[in-house]
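The values are calculated or read from the model by the stated rules, or taken from the named source; none is laboratory data. All values derive from a computational prediction rather than experimental measurement. Backbone-built Cβ (ideal geometry, glycine too); neighbour counts: all protein chains shown. The protein model used for the area step is the full one, side chains on, heavy atoms only, and it has no ligands, DNA or RNA in it. Shrake-Rupley method; radii C 1.70, N 1.55, O 1.52, S 1.80 Å.
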Amino acid sequence: MKVLVINCGSSSLKYQLIDSESEKVLAKGLCERIGIDGRLTHKPTGKDTVSIEAAMPNHTAAVSLVLEHLTDPVCGVIGSLDEIGAVGHRIVHGGEKFASSTLLNDEVVAEIEKCNELAPLHNPANLIGINACKELMPNVPMVGVFDTAFHQTMPKTAYLYGLPYEYYEKYAVRRYGFHGTSHSFVSKRVAELLGKDYSELKTIVCHLGNGASVCAVDKGKSVDTSMGFTPLEGLVMGTRCGDIDPAIVEFIAGKENLDISGVLKVLNKKSGVDGLSGVGSDFRDLSKAAGEGNERAKYAIEVFCYRVAKYVGAYAAAMNGVDAIAFTAGIGENDCTIRAKVLSYLGFLGVKVDDEKNDCRGVERVISTDDSKVTALVVPTNEELAIARETVALI
Ligand code: ADP
C-alpha cells in the first residue's frame, strides 16, 4: 500500500509518499510560506527535484498542489490518487486521551481539537492538514500519530509536577513529553540491532536535533522523558532554554520590560545554544566558531553536552540501570564530537567509547568498545516511516 505521510505546521507542510511493502520513499517534499505566497519543493525518487513558487492561500491549496505533483506525468510517482491507500498525520499533542495512534473520524478529530489549548501553536495546524486531506480525498482512511502517545506509559511519579494537585485535575498540567514517535522507533531498532528482546532492555534515547529530548525506555515503555508540559522543558536546545528556575521569568520580565509571553518568546526562540553563543543554533556553525576560539560557542557546546549527560545519569537511576544509550536526530546522528563529549561523563556507568567506530555520520552503528558495560549506538531516526507503519497497522 502507498501511504501519504503529512506533517503540517502553521505555514508549512512536509510530506512523504511511502510504499509500505518495500518501505521505500517514492517522493517527498515541502510546502512553505502557506498563506503568505507559497513555495513547493518536490523530490520524486529517481527523478529531478521540482522547486516552484506557487500560490498557496491555505493548506487545502497546498495539499492540492502536492497531489497534483504526485500524479503529474513528468515529476509524479503514481498514476492516480486511487493508488494512495491511506494518509498518516503527525499530530503533536494527544493529551491524556491518546496513548496510541488512532484512526481518524469526526469523533476523534473533535477530541484532538480539545487538546488544542495544550499545543496552541501546533495542534490547530495539524487539524488544518487533516481537514484539507479529508476535503480532497474523502474516501481515503486517515490515521493520527501523536508525538505524546509513546510517553503515556510514564508513571505518575514521573509526570506530576510539584504544583498544587488541582492544577493537574482542573487544567491537565503535567509532563507529557514529545518526540515519542522517534523515541519509540529508535528504542525498538536498538533492540533489533542488539538481537535482544525489546521487553527486556533498558534503553536511553538521546534525540538531539534542533528540538532535543532524552527518553528512558524500560522494557519497551517510556518511563520518563525530558520534555514536559511543552517542548520547552529539559535539555538546552537550539533556541530553547530547557530547564530553568521558573522565578527567572518574572525577574527578566521586570528587567527587560517584557510581559510573560514576551519572556516566553525569548525562552523559546532566543535561548539555548543560540542565545548562549550568539553564533546560532546550528551545531556546524557552533563547532566552527568554537574551533576558531569563540569562547561563548565553546561554552554553549559544553553546557549542551553536560545537560544531556545529566539526564542520561538521571534516567539510569530511574531505571536502576541501563543497557544501551542511543543517539539520533541531526546532531545525534552526525556529530561525533558531541557524542564523545556526552559519553565522557558516563564512564561511571561502564561506558567505553570506541573513537574509531564513533567517527561516523548517519549510519546505524555501535560506537562503544566490545568490553563496554553499556552499549552506545547511533541509530538514525525515521519518524515518517514510523508514521507509515502505524498507519498501515491501524487500517
Ligand atoms: P529538527 O527536526 O528538530 O529541526 P534535526 O533533527 O533536523 O532537527 O537536526 C537539526 C540540527 O542538526 C541542526 O540544527 C544542526 O545543529 C544539526 N546537524 C545537522 N547536520 C549536522 C552535521 N553534519 N554536524 C553537526 N550537526 C549537524
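In table form, for the structure just shown:
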| read-out | value |
| --- | --- |
| For the chain, convex hull volume per residue from C-alpha positions, Å³ | 159 Å³ |
| Backbone HN-Hα couplings from phi across the range 372-386 [Karplus 6.51/-1.76/1.60, Hz, Gly and Pro as x] | 5, 5, 10, 8, 9, 9, 9, 9, x, 7, 8, 5, 5, 5, 4 |
| Accessible area expressed per residue, the range 189-291, with surrounding protein chains retained (probe 1.4 Å, Å²) | 48 Å² |
| In degrees, nearest ten, helix 295-318 long axis to first principal axis of the chain (Cα) | 90 degrees |
| Amide proton proximity set for LEU377, modelled H, under 5 Å, gap of 5+ | ILE325, ALA326, PHE327, ILE367 |
| Amide hydrogen neighbours beyond the local backbone of VAL143, cut-off 5 Å, H modeled | VAL87, GLY88, HIS89, LEU104 |
| Theoretical ellipticity at 222 nm over the chain - DSSP helices of four or more residues, -39500 (n - 2.57) apiece, nearest 500 | -11000 deg cm²/dmol |
| Accessible area, probe 1.4 Å, largest first, for residues THR391, THR45, THR102 | THR45, THR102, THR391 |
| Carbon/sulfur fraction of accessible area - the chain, other protein chains in place, 1.4 Å, % | 51 percent |
| Solvent-accessible surface ranking, highest first, for ASP370, ASP218 at 1.4 angstrom | ASP370, ASP218 |
| Cα gyration tensor, the range 259-395 - rounded (a/c under 1.5), prolate or oblate | oblate |
| Highest-first arrangement of 85-92, 210-217, 72-79, 24-31, where packing means the average Cβ count within 10 Å | 210-217, 85-92, 24-31, 72-79 |
| Length added when fully stretched, LEU136-GLU96, from 0.36 nm per residue minus Cα-Cα | 11.4 nm |
| For the range 158-169, 3J(HN,Hα) per residue [Karplus equation, 6.51 cos²θ - 1.76 cosθ + 1.60, θ = phi - 60°, Hz, x = Gly/Pro] | 8, 9, 7, 8, x, 10, x, 4, 4, 5, 5, 5 |
| Only Lys, Arg (+1) and Asp, Glu (-1) charged, at Cβ; the range 227-356 dipole about Cα centre in debye | 160 debye |
| Where only C-alpha atoms are counted, convex hull volume of the range 209-315 per residue in Å³ | 107 Å³ |
| Signed unit charges on C-beta, dipole axis of the chain, positive-most listed residue GLY254, LEU349, VAL363 | LEU349 |
| List ASP224, ASP243, ASP82, ordered by accessible area with a 1.4 Å probe, largest first | ASP82, ASP243, ASP224 |
| Charge-dipole axis of the chain as Lys and Arg at +1 and Asp and Glu at -1 on Cβ define it, positive-most pick from LEU264, PHE283, THR337 | THR337 |
| Virtual paramagnetic centre 7 Å along Cα→Cβ of VAL109, amide N under 18 Å, in the range 127-159 | 127-146 |
| Cα-centred dipole magnitude for the range 154-248, charges only on beta-carbon of K, R (+1) and D, E (-1), debye, nearest 20 | 220 debye |
| Cross-link table LYS156/LYS202; LYS24/LYS221; LYS28/LYS202, entries beyond 24 Å C-alpha to C-alpha | LYS24/LYS221; LYS28/LYS202 |
| Estimated dipole of the chain in Debye, rounded to 20 [Cβ of Lys and Arg +1, of Asp and Glu -1, Cα centre] | 580 debye |
| q = 0.12 Å⁻¹: log10 I(q)/I(0) that the Debye formula gives for the range 135-210, counting C-alpha atoms only | -0.54 |
| Label-point separation, LYS373 to ASP359 (7 Å along Cα→Cβ), nm | 2.9 nm |
